[in-house]
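Peer 1: There's a structure below that I have some questions on.
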Amino acid sequence: MTDIPAETPSVELLERIRRQRRHILELLTVCAVGLVPWTVLLAFTLPHGYTVRQWRTTWVGFDVLLLLAMASTALLGWRRHRAVIVAAVTTAALLACDAWFDVSLALGTPGVWFSAALAVCVELPLSGFLIRKALGMLSLAQWPPRMPLSDGDQEPDGGDGQGGARLRETPVPPGPGPAPAPPPPPVSTGPGSPRIRPRPGPR
């Protein structure tokens, strides 16, 4: 059984993906830079202690969210669906948040040791395991072929020792070869037929 070659994405599609990728990276960069002064402001203005309400609702709601993320990861994994990567990363992030809040909110109380043991032995190892598996599945994904970038975009050095940045290269498909020469006319050798010399083909 012969393999069916995958269809090559069009240049317009690759260009649209490149623009979307650039806009997303710009948005994330702006958000990360804007989060720095906000974090500093909270560090100087938030009180050390705070009486909260709906404590039970907050933690039960968070655990329900974590339960849904874990169940989605397991279900998508059993169904071999590619969306399992998103579910696994979401579950890993929620586990890391759960460990952080469990330990930080229990500081100064007798329950901090149980929270720390649960974070070190269960939550953080499971979070790291899910992230490692998600990265492994991403490494097996097929990405679009390289194409020349516009607007002066350059690709970092790929570790080939040449240093500096280099433009992405696109392999040029081989063009069509020369047209074959037409076959010579048939030569009749019967009696009474004129003798026709065959036309010599190109050498």
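Peer 1: Please list His48, His81 from largest to smallest accessible area, probe radius 1.4 Å, with all protein chains kept in place.
Peer 2: On the way: His48 200, His81 95 Å².
Greatest to least solvent exposure: His48, His81.
Peer 1: Then there's this: Can you classify the range 100-144 as rounded, prolate or oblate using the Cα gyration tensor, where a ≥ b ≥ c are the square roots of its eigenvalues, rounded means a/c under 1.5, and otherwise it's prolate if a/b beats b/c and oblate if not? Intermediate results must be reported in sequence, preceding the final value.
Peer 2: Numbers: a/c = 9.16, a/b = 3.68, b/c = 2.49.
Prolate.
Peer 1: Counting other Cβ atoms within 10 Å, keep those with at most 15, restrict to DSSP loop, and tell me which trypsin sites (Lys or Arg not before Pro) in the range 18-107 are left. If you can, show how the numbers build up before the last one.
Peer 2: Values: sites: Arg18, Arg19, Arg21, Arg22, Arg53, Arg56, Arg79, Arg80, Arg82; in loops: Arg53, Arg79, Arg80, Arg82.
Hits after loop and neighbour filter: Arg53, Arg79, Arg80, Arg82.
Peer 1: Ignoring everything but the protein chains, give the 1.4 Å probe accessible area of Ser10 in square angstrom, nearest 10.
Peer 2: 60 Å²
Peer 1: Ordering Leu42, Leu66 from largest to smallest accessible area (1.4 angstrom probe), what's the sequence? Present the calculation step by step, with values, prior to reporting the outcome.
Peer 2: On the way: Leu42 60, Leu66 15 Å².
Largest accessible area first, the list is Leu42, Leu66.
Peer 1: Sort Trp100, Trp113 by accessible area with a 1.4 Å probe, largest first. Show your work: numbers first, answer last.
Peer 2: Details: Trp100 165, Trp113 195 Å².
Putting Trp100, Trp113 in descending order of accessible area: Trp113, Trp100.
Peer 1: Using only the Cα atoms of the range 24-90, build the gyration tensor, take square roots of its eigenvalues as a ≥ b ≥ c, and label the shape rounded, prolate or oblate: rounded if a/c is under 1.5, else prolate if a/b is larger than b/c, else oblate. It would help to have the intermediate numbers written out before the result.
Peer 2: Numbers: a/c = 5.32, a/b = 1.38, b/c = 3.86.
In terms of gyration-tensor shape, oblate.
The values are calculated or read from the model by the stated rules, or taken from the named source; none is laboratory data. This one's a predicted model, so the numbers in the text were calculated from it and none came from an experiment. Neighbour counts are summed over all protein chains in view; Cβ atoms, including those assigned to glycine, are modelled from backbone coordinates with ideal geometry. Accessible surface is based on the protein model in full, side chains and every heavy atom, while ligands, DNA and RNA are left aside. Shrake-Rupley method; radii C 1.70, N 1.55, O 1.52, S 1.80 Å.
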